[in-house]
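Read-outs: derived from the displayed coordinates by stated rules, not from any lab. Since we're looking at a predicted model, the values are computed, not measured. Cβ atoms come from the backbone with ideal geometry, glycine included; neighbour counts cover every protein chain shown.
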Amino acid sequence: MSDFPAATPRARVRVPLRFHDGYSVDAELVTFHGLTDGQEHVAVVLGDPGPVPLVRLHSECLTGDVFGSARCDCGPQLREAVERIAARGGVLLYLRQEGRGIGLYNKLDAYALQDQGLDTYEANTALGLPEDARDYTSAAQMLRALSVTDLDLLSNNPDKADQLRTLGLTVRDRIPTGVFTTAHNVRYLRAKVLQTQHTLPLAQLTELNAG
């Protein structure tokens, strides 16, 4: 399935990125016309993308990306992805899909249920919401608008690669991210492995969870 409407670049702007640990890199931020879901997604172009760029689809996480929440691994994944993509050349798509697509308020409601013992997927279900509501059609539109059709995907999530392939892009390789565990996110990461087959070391996470 690749017969979705084309998107076009709307604006390109150079932005110097500076992270709390001192890492810095210059990026080009690209916005788009014609995205199917109407959201304000942004492409972050880093280095020289080349013919097969390294790409990450990073779903927005206000709590992790901005406030440094230890309940997920999103903030460290974002920081890692920027440096790895800049070193090789590629694109980070920052997708406005908070809480795996359920929104910020619903995500915080799900956190409250997790505090009562449910895992991240069970909490969504208890709220009458999908375990994962994300659709990557807009991501495919953005990549095509940037003339990216062949890529290596920086992700632990097989669904991202599967959706991009279904949308007509060639994912040559899926490259796992680092593993960023805290005392607060081990159950969350373990649920990702068990429920949606993320490529994370289950034995290590089970040991940490038991400890």
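Ranked for footprinting exposure by Cβ neighbours inside 10 Å, fewest first, Ile175, Ile85 give Ile175, Ile85.
Going from the fewest other Cβ atoms within 10 Å to the most, the residues His58, His33, His41 appear in the order His33, His58, His41.
Rg ratio for the range 1-99: its Cα radius of gyration over 2.2 N^0.38 Å, N being its residue count, equals 1.11. When the convex hull of its Cα atoms is viewed from all sides, the range 27-158 shows a mean projected area of 8.1 nm². Relative to the current alpha-carbon distance between Asp3 and Asp115, full extension at 0.36 nm per residue lengthens the span by 36.0 nm. Neighbour counts of C-beta atoms inside 10 Å place Glu40, Glu80, Glu60 in the sequence Glu40, Glu80, Glu60, starting with the fewest. Extension gain for Glu40-Phe19 works out to 5.3 nm (0.36 nm per residue, less the C-alpha to C-alpha distance). Of interest is the spacing of the C-alpha centroids, which for the range 81-120 and the range 16-46 amounts to 16 Å. Full extension of the segment from Glu83 to Asp159, taken as 0.36 nm per residue of separation minus the current Cα-Cα distance, would add 25.0 nm.
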